[in-house]
Every structure is written in structure tokens, then in C-alpha cells.
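A.B. asks: The structure's right below; bear with me while I get my questions together.
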Amino acid sequence: MTHTSGRRGFCGLKVCSHANGSHEIEECRAKRCRIQWKRCNVAPDCAGVELRICKTCPNHPGAGPSHWEHGSNKIVARNYMIEDLEDKKSRKPQKSTQSNPADAKPTKSKSPLPKTETMSTNSGLKGDCATCRHVMNIHQKSKCAARRCRFNWLRCTVPGDCNGVYYRVCKQCPNHPAAWPEGWEATSNQDPDENKEQLLDDEEPEPEKTPQKNKAPQKRSNTYETPRPDVVRMNHPRKPHPSTDIQVDRHRQIPTAYKTKSDSRPSLQLCNHHPNTMDLARQFEESPSGEIIKCIDMHTTGEPTRIIYSGFPALNGTLLEQRDQAKSQYDHIRKRIMLEPRGHYDMYGAIIIPETELVQSGEAHIGTLFTHNGGFSTMCGHATIALGRFLVDTHDLTTFPKRNELKPDLVAREVDVNIHAPCGLVRVVVPTTADGRKSDPSRSVRFLSTPAYCAATDLEIPIPRELTWPELGDRTSLRLDVSYGGAFYALVDIRELGFQTGLREFSLEAVTVAVKRLKRHLVTLPHVIEALQHPEESRLSFLYSVMVVDHEIGSKPDGVDGAETGLCFFAEDQIDRSPTGSCVAARVALAHAKGTRKQGQKWAYNSIVTNHFDTGAFVSSLVDEDVKIEGPNTKTGRNGVTVLVEGKAYYTGTMTFFVEQGDFTSESGFTLNSCT
Ligand SMILES: O=C(O)[C@H]1NCC[C@@H]1O
């Protein structure tokens with residue numbers, strides 16, 4: 001555009017403060033959304049907010065003007081409504097000539113802090129802030145509320161959304177973010193979750209600097225008063241170690257080293273939108289090549305869940321139709337995210353689907369599609385556990401439009417999240433912090449399975465000579481069961497496969513050979529195919545996995561009645577590191593059908609990883625043993641059960657994926673095997 005959009009006045013954001021005439025304005029393309037987008041185009045690197053999107057548009061980022069989505073070199077989606085900004089018109093415009101925010105004088109404008117936190121513009125802190133460059137005098141300081149933590153938080157109070165760093169927290173505080181000063185989390189208009197600004201370890205603990213008469217001025221060692229020109233040392237009571245302590249480049253805020261001790265996790269997180277963020281990362285985040293896919297990675301007892309929250313193409317129809325569409329039109333994108341070089345053979349993913357028929361009817365808060373190395377699955381317990389935490393922790397309404405409909409139970413400190421999975425509605429209960437705004441990783445997430453049922457027991461499987469494996473010896477057949485827990489599992493005892501030492505001691509390679517052959521053979525057998533017919537939905541009617549079971553071993557947490565172990569081969573011979581939540585439901589249904597499990601009994605299900613670490617078993621209980629499953633694919637219906645499954649998941653990182661022009665190798669992902 002030309003620099004004359006016709007708007008008058010100046011941008012209300014201090015970090016921008018350009019004339020509104022130089023802002024490009026476009027209407028959001030989302031259906032019925034009339035709110036506008038605003039973008040500053042004064043300079044290629046305007047430190048302000050380049051692109052804004054209304055809070056209310058559920059379809060972002062698909063709703064952005066198309067040429068911006070794909071052609072702009074500045075795409076920053078933030079939850080600003082243009083109206084919010086126009087409200088600030090009355091504010092005196094900042095001088096557009098002011099190039100260094102450090103020159104800013106504190107003004108009497110409305111503070112972004114809640115009333116109780118409002119400070120005078122004179123905090124008594126001296127010097128300049130090494131991070132945002134404002135005078136320290138206009139920074140608010142507050143003690144960390146974490147137990148035994150004596151460090152301080154620091155927040156810039158310059159009006160007009162200081163684009164600098166708002167909060168800092170000391171490295172030592174293990175309880176962050178629960179340790180936020182009271183009131184900030186709930187009422188601050190700079191939601192820390194949304195902005196993910198830098199969290200820096202703070203200054204040495206020291207008394208508040210409000211000047212007090214009759215008190216001798218305290219000598220303080222303040223890095224900000226005597227800064228080195230290029231590097232700011234994070235103040236610590238002890239001398240920093242050059243190779244293990246974080247140092248931050250004063251100007252670009254790149255950590256030069258992370259602490260390596262396990263109890264000293266990196267406390268510095270770089271802000272995606274901050275102009276000082278690492279230039280290359282920023283450039284890639286806003287890459288003009290389009291198709292940027294954003295993910296948060298988690299794991300559940302070692303099994304990854306790559307949560308794809310932005311960038312997967314928009315899908316239409318019911319959730320199963322969206323799954324069909326993803327399979328037929330966007331499988332190359334699934335491969336790009338799951339397979340090499342961005343993923344690996346055993347990667348697993350969950351795509352966030354904000355709109356489904358159950359979301360529309362109000363039964364579900366959100367939908368999801370599960371993905372793996374071979375396609376799109378119908379249910380996944382380990383990813384459900386991870387998703388539960390993610391959905392509570394995000395407050396981004398673009399990702400999770402119904403986030404505000406979650407109603408935390410502040411007494412029990414947990415919240416219900418209903419997830420629409422392809423197999424049906426999965427009810428998840430997520431433990432939370434006291435204020436209900438964050439998940440509590442120290443307690444297990446639990447979910448109620450969709451109706452699970454035993455499909456067939458003791459099926460005789462002939463093994464032809466050409467398919468046999470050494471451990472099977474002279475035997476020409478084996479027996480196994482088929483059970484459903486959101487997906488179909490063939491359950492076979494490890495000793496039935498010929499591995500007499502069970503899952504305590506076995507060759508993974510040898511078991512893999514046996515299971516690969518068995519699985520390919522099973523799907524050719526009419527009596528197995530018959531067992532795989534789901535009463536309600538033919539798109540659920542396929543063999544997802546072979547689960548190899550050892551009933552004799554398993555890590556046993558306190559309070560359970562028994563434990564067992566499983567080794568799950570699913571999709572294209574992918575091996576689950578977790579105890580396979582959906583199969584836990586199938587196994588409980590099977591045990592119930594065989595008369596070996598009663599309502600009220602708790603059972604621990606392990607994988608070889610949970611046994612190895614002696615932690616992380618999924619704990620199950622049978623909550624309803626009288627569930628009728630009916631549908632067009634059965635004359636008689638099926639008797640099913642509902643199973644409660646509990647487990648823990650943790651975050652591991654965040655990802656921004658894209659494909660560089662000309663990069664044909666990574667465009668659709670690959671497996672090493674497919675190259676041989
Ligand atoms: O926990 C589960 O149910 C899943 N884990 C990978 C394979 C299954 O879908």
C-alpha cells in the first residue's frame with residue numbers, strides 16, 4: 001500500500017507510535033467476522049506489532065488476508081483488536097522521532113497493571129534496564145512467592161504495552177509460574193501465557209528499593225548500574241561459572257550458555273515477537289514461504305506427542321470426514337511433520353481441530369486428529385493425556401476457542417476437558433493449580449475411554465511355514481484375542497509367540513520380526529477381519545496394532561491390585577514407548593470379558609520404558625461394566641465397558657516448521673527404509 005491509509009492520529013502502541021496513516025488495514029476474512037487487521041508498514045523492521053487480529057475470530061490464521069498469509073515477510077498474529085488500539089487514540093501520541101525507548105519518560109497514563117499492583121512511577125530502582133532499556137525507576141519489583149525463594153520479579157510499567165521484557169523470575173524458583181505475584185496472573189492485561197515473554201533470572205535478593213528516610217543507603221551490587229557494554233551477567237549470590245551459567249547478549253538477548261545441572265533448568269525463554277529475538281529464528285518464524293507449521297512437543301512416558309496447533313490446512317465436515325480429507329489431500333503434510341528430517345519413525349502427533357460436530361453441539365470443547373508414521377489413527381491414550389495438559393495450559397483462543405468454557409473445580413483442583421477424537425468423545429480430567437489456570441504436572445491426567453469391548457477371544461491363527469519365525473519352533477499356529485479400545489488391538493502373549501523369557505529379557509529385533517509377519521498375516525484372515533468390524537462405524541474397523549503382553553511382570557505403583565506389561569506395535573510397525581492408553585481400555589475390556597477383572601479393581605499397565613524407569617505406568621479402573629454398543633454393523637450389538645486411564649505427560653519443546661524453496665528432500669518427509 002501507499003503510506004496513506006487515510007487513518008488519522010498515531011498508533012496507540014508505544015513500541016510502534018507511527019502515524020495511523022501508515023498502517024495497512026484489512027478486514028478479517030472469517031465468516032461473519034467484521035473485525036479488522038492492522039499492520040504497520042513503515043519500516044521492514046518496525047519494532048511494533050506488525051499484524052493484529054481480533055480476539056473473536058476463531059478461524060485465524062486461515063482468516064488472514066491471503067497475500068499476508070503467504071506473501072508477507074511480517075506475520076505476527078497477536079490477540080489485539082483493532083478497536084482496542086483505536087481506544088487509545090485519545091492518548092497523546094508518542095513522538096515518532098523517539099528512536100530509543102530508553103529515553104522514554106514515565107508518564108501518568110493508565111498503568112497496564114491491576115489496581116492493587118499499580119506503582120508510582122518511582123520505584124527507586126536505579127540505572128537502566130539492561131533488557132528493555134527503560135529507566136529502572138519505572139520497573140515494578142515484587143518478591144517471588146515460591147516457598148523459600150527470595151528472588152525478585154521485575155516488570156516494566158511503561159504505558160502502551162512495552163514491547164520489552166515484562167517479567168523475570170529467578171532460576172532457583174522451581175514453582176514458576178505458580179509463583180506469580182498474586183493478582184498478576186488473573187488480572188494483568190499482559191497475560192504471561194499469551195506473550196511468553198522472557199523469563200530471566202533476577203537480581204540478587206534485596207530489600208525493596210522504595211527510598212526510606214533515616215535509613216543509610218544500602219550498598220548494592222547492581223549489574224544494571226555498572227553494566228558491561230556487551231554482556232549482562234545474571235546476578236547470583238555466587239560467582240558465575242563461564243561455561244555453565246546463562247549469559248545474555250545485552251543487545252540481542254541470546255543466551256550464550258545454559259546451565260547444565262539438572263536442577264538448574266534454563267530460565268531464559270526467548271520471545272517470538274520481541275524485536276531483539278535471535279534474528280534468524282525470527283525471520284524463519286515469519287517466513288514468507290507460507291505453510292509454517294507450529295507445534296508444541298510433549299511426551300508421555302517417553303512416547304512423543306507433537307501437538308500441531310497452527311498451520312495444518314483447514315479441514316471441513318464431521319471429524320471423521322476431516323480425517324478422510326486429511327488422509328486424501330494432506331498426507332504429505334502429515335509426513336512432513338511426522339517423518340524425517342523433522343520427525344522420526346516413531347513420532348506421534350495430535351492435530352488440533354477446533355470445529356467438529358461435537359464441538360458444535362456443545363459436547364466437546366475441541367477436536368483432534370491423531371497421526372503417526374503411517375497415517376491417522378482413531379484413538380490415542382498417551383496423546384490424550386498430553387493434550388489434556390496442553391488444553392488447560394493454553395489461553396490462546398485462536399488455538400482453543402472454547403478455552404474459556406472450561407470450568408475448573410477449585411476445590412478438587414481439576415478441570416474437565418472433553419475432546420472429540422475420531423473414535424468418539426473422550427472425557428479428560430486434568431489436575432490444575434489452585435487458580436485453575438494451569439495444569440499441575442505432579443498429578444496424573446485421567447480420561448474415560450469411549451466404550452471398549454472384547455471382540456473375540458482365543459482366535460486360532462495358523463502360521464504358514466513361509467511366515468514363521470525361529471522362536472515359534474515347530475508350532476504351526478498360535479492363539480490370540482481381539483479387543484477394541486477406540487482402535488482394534490490383536491493381543492498376544494509373548495510366550496505364545498515363542499519368547500519364553502517374556503518381556504523381562506528379549507530381543508527387540510526378534511520380536512519385531514515376528515510381530516511384523518504376524519500383523520500382515522492377520523489382516524488376511526476372514527475370522528480376524530470379522531472380529532474387526534466396529535458396530536457403529538466402518539472407518540473404525542481396521543487392525544491398528546498387535547500388542548504383545550506379559551502378564552507376569554510390571555512396575556506396580558502403590559494402591560494397585562496388579563500389574564502387567566505390553567509391547568505395542570502399531571501403524572507401520574511403530575513401537576509405543578508408553579503403555580498405550582487406548583489398548584489399556586481394550587485390555588480391561590478383555591480381562592472383564594474373561595472374568596479376570598472386576599469393577600473397582602485398579603490395574604497398572606506398563607511399557608518396557610515404564611518398567612525401565614520404574615515410573616509412569618498407566619493405572620486403569622473399570623468404571624462401568626454395562627455399556628451397550630449398537631450400530632448398523634451388528635445385528636446383536638456388543639456389551640462394552642468404560643475404563644478410566646491415568647497417566648502423566650510433560651512438555652519437551654516447541655517447533656516452527658517450514659520448507660525452504662527447492663528443498664525436495666524434506667518437503668514430504670521420508671523414512672530411511674523408503675530410500676533403500
Ligand atoms: O496411548 C495410545 O493409545 C497410543 N500410543 C501410541 C499408539 C496408541 O495410539
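Readers should treat all values here as calculations from the given coordinates under stated rules, not as data from a laboratory. Everything numeric here is computed off the predicted structure, so don't read it as measured data. A quick note on method: Cβ atoms are made from the backbone with ideal geometry, for glycine too, and the neighbour counts reach across all protein chains shown.
A.B. asks: I'd like the chymotrypsin sites (Phe, Trp or Tyr not before Pro) in segment 591-676 restricted to DSSP loop residues with at most 14 other Cβ atoms within 10 Å, sorted by number. Please list the in-between numbers first.
C.D. replies: Values: sites: 603, 605, 613, 618, 650, 651, 657, 658, 664, 670; in loops: 658.
Here no loop site has a sparse enough neighbourhood.
A.B. asks: Next up: If eta is 1.306 mPa s and T is 10 °C, what Stokes-Einstein diffusion coefficient results for segment 404-514, Kirkwood Rh from Cα pairs, in µm²/s? Spell out each step's value before the answer.
C.D. replies: Values: Rh = 17.7 Å.
Approximately 90 µm²/s, per Stokes-Einstein.
A.B. asks: Among 568, 380, 675, which comes first, then next, by fewest other beta-carbon atoms within 10 Å? Walk me through the intermediate numbers first.
C.D. replies: Numbers: 568 24, 380 33, 675 8.
Neighbour counts put them in this order, fewest first: 675, 568, 380.
A.B. asks: A further question follows. Classify segment 485-584 as rounded, prolate or oblate, taking a ≥ b ≥ c as the square roots of the eigenvalues of its Cα gyration tensor: rounded when a/c is under 1.5, otherwise prolate if a/b is larger than b/c and oblate if not. Don't jump to the answer; show the numbers that get you there.
C.D. replies: Values: a/c = 2.15, a/b = 1.34, b/c = 1.60.
It comes out oblate by the Cα gyration axes.
A.B. asks: OK, next. My understanding is that a pair violates if its Cα-Cα distance is over 32 Å; which of 519/648; 438/598; 335/556; 335/516; 438/628 do that in this structure? Write down the numbers at each step before the final one.
C.D. replies: Values: 519/648 30 Å; 438/598 35 Å; 335/556 37 Å; 335/516 21 Å; 438/628 36 Å.
Distance filter (> 32 Å) returns 438/598; 335/556; 438/628.
A.B. asks: Working from the alpha-carbon coordinates of segment 548-633, get Rg over Rh, Rh being the Kirkwood radius.
C.D. replies: Numbers: Rg = 13.6 Å, Rh = 13.6 Å.
Here Rg/Rh amounts to 1.00.
A.B. asks: Would you order 417, 515 from fewest to most other beta-carbon atoms within 10 Å of each residue's own beta-carbon? Each step should come with its number before you reach the end.
C.D. replies: On the way: 417 28, 515 23.
Ranked by crowding around the Cβ, least crowded first: 515, 417.
A.B. asks: To continue, here is another question. Once you list every other residue whose beta carbon is under 13 Å from the beta carbon of residue 550, what net charge do they have if Lys and Arg are +1 and Asp and Glu are -1? Could the numbers behind the result be given before it?
C.D. replies: Details: positive: 495, 504, 587; negative: 493, 496, 505, 552, 564.
Every neighbour counted, the sum reads -2.
A.B. asks: Could you work out the relative contact order of segment 283-358, using alpha carbon pairs under 8 angstrom and six or more residues apart, expressed as a whole percent? Please report the intermediate quantities before stating the final value.
C.D. replies: Details: 80 pairs, mean separation 23.4, N = 76.
Answer for segment 283-358 is 31 percent.
A.B. asks: Using the number of other C-beta atoms within 10 angstrom as an exposure proxy, rank 342, 475, 597 with the fewest first. Intermediate values should be presented prior to the final figure.
C.D. replies: Numbers: 342 19, 475 12, 597 23.
Fewest-to-most Cβ neighbours within 10 Å comes out as 475, 342, 597.
A.B. asks: Provide the FRET efficiency to the nearest 0.05 for the residue 363-residue 504 pair, computing r from the beta carbons and using R0 = 45 Å.
C.D. replies: Efficiency, rounded to the nearest 0.05: 0.55.
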